[in-house]
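Below is the structure I would like to discuss, written out as structure tokens.
The values are calculated or read from the model by the stated rules, or taken from the named source; none is laboratory data. Because the structure is a prediction, the values reported are computed rather than measured. No Cβ is skipped: glycine too gets one built from the backbone with ideal geometry, and neighbour counts run over all protein chains shown. Heads up: the accessible areas ignore ligands, DNA and RNA and are worked out on the full protein's heavy atoms, side chains in. Shrake-Rupley method; radii C 1.70, N 1.55, O 1.52, S 1.80 Å.
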Amino acid sequence: MPELPEVETTLRGIAPHIEGKTVETVILRQPKLRWQVNPALGDILSGQQVLSCGRRAKYLIVRFPMGILLIHLGMSGSLRIFTPSDERIGKPGKHDHTDFVFSDGTVLRYHDPRRFGAILWYEGIEEHHPLLEKLGPEPLSEVFCADYLYARLKTQKRAVKLALMDNAVVVGVGNIYANESLFRAAISPKRPACRVKKKECAVLVDAVKAVLRRAIETGGSTLKDFVDSNGKSGYFQQEYTVYGRHNLQCVRCGGLIVKEILGQRGTFYCPNCQK
């Protein structure tokens, strides 16, 4: 599933191509995604100008004068930009479900083989959207700091990795990046959250920020489906220290990486380095 770095990579790829442009039409080939796409979306967006693009957690936000378009990539979704001269515009594939066609001929195409993603229109303030209003802070923001994290963790008995992946605590730290951040901070993913000391929270916050920034720099992770707006894969998977490295040597101590299941997700860590 695309996580925060992949969504941020997508945002940076599409925003320069559609901001300030006017939607001419919407071609909706398959409305049955995670939630049914509004069949009147073409009528709603036609003639509207894109004011700006943004991201909240793993949601892309395209802002218009009359509301926002909320896009989630789901398990296998991606957004691609096609210029007017690209012959692929007229040759959509089986899983190319929606085209947003702009007045200058630019096309933003939504591709999603598994159809777990979402394209939702909302006429209101984005902070009030039911999917956004209860989210925790962004991990790269100043709000996400040692004091904040310690206050959120000190009463929780669940594993720290599960708390770190909870969008009510902090958004966008998915499975891959939680594993990598906890290794960097030398904290066991199984340790009860309430037993993470305040000074360790400072280290963990720094680790989360460093891992996410590096992942964004390298275009995110491509394990199967993810590509950016130009169709290119990410490269952060080449820098994994623990994720997916079950029974391989730890890059820090030489011991073996262990895999366990926490919250139904694969959890990778070094028992020697992470306490």
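Among the residues that make up the stretch 58-79, is at least one of them of a type in the set (S, T, N, Q) and out of contact with any His (no Cβ under 9 Å at 6 or more places or on another chain)?
No, the conditions are met nowhere in the stretch 58-79.
Considering every residue within the stretch 131-153, establish whether at least one is in contact with a strand residue (DSSP E or B) (Cβ under 8 Å, 6 or more places away or on another chain) and surrounded by fewer than 15 Cβ atoms within 10 Å (Cβ to Cβ).
No - not one qualifying residue is present in the stretch 131-153.
Same structure again: Kindly indicate whether any position in the stretch 13-22 is within 30 Å of Arg265 (Cα to Cα) and in contact with a strand residue (DSSP E or B) (Cβ under 8 Å, 6 or more places away or on another chain).
yes
Can you say whether Thr98 is part of a strand (DSSP E or B) and under 30 Å from Gly136 (Cβ atoms), as far as the supplied structure shows?
It is true that Thr98 is part of a strand (DSSP E or B) and under 30 Å from Gly136 (Cβ atoms).
In the stretch 187-209, which residues are open to solvent by 30 Å² or more (accessible area, probe 1.4 Å) and among the hydrophobic types (A, V, I, L, M, F, W, C)?
Hits for the stretch 187-209 are Cys194, Ala202, Val203.
Would you tally the residues in the stretch 19-34 being crowded, with 20+ Cβ neighbours inside 10 Å and within 19 Å of Gly77 (Cα to Cα)?
Selection size over the stretch 19-34: 2.
While we're on this one: Could you list all residues from the stretch 154-174 that are open to solvent by less than 10 Å² (accessible area, probe 1.4 Å) and either hydroxyl-bearing (Ser, Thr, Tyr) or modelled with pLDDT of 95 or more (or both)?
Within the stretch 154-174, Val160, Lys161, Ala163, Leu164, Val169, Val170, Val171 qualify.
I've got another one for you. Taking the stretch 99-130 as the search range and keeping residues that are of a type in the set (A, V, I, L, M) and touching a residue at least 24 places away in the same chain (Cβ under 8 Å), which one is surrounded by the most Cβ atoms within 10 Å (Cβ to Cβ)?
The residue in question is Ile119.
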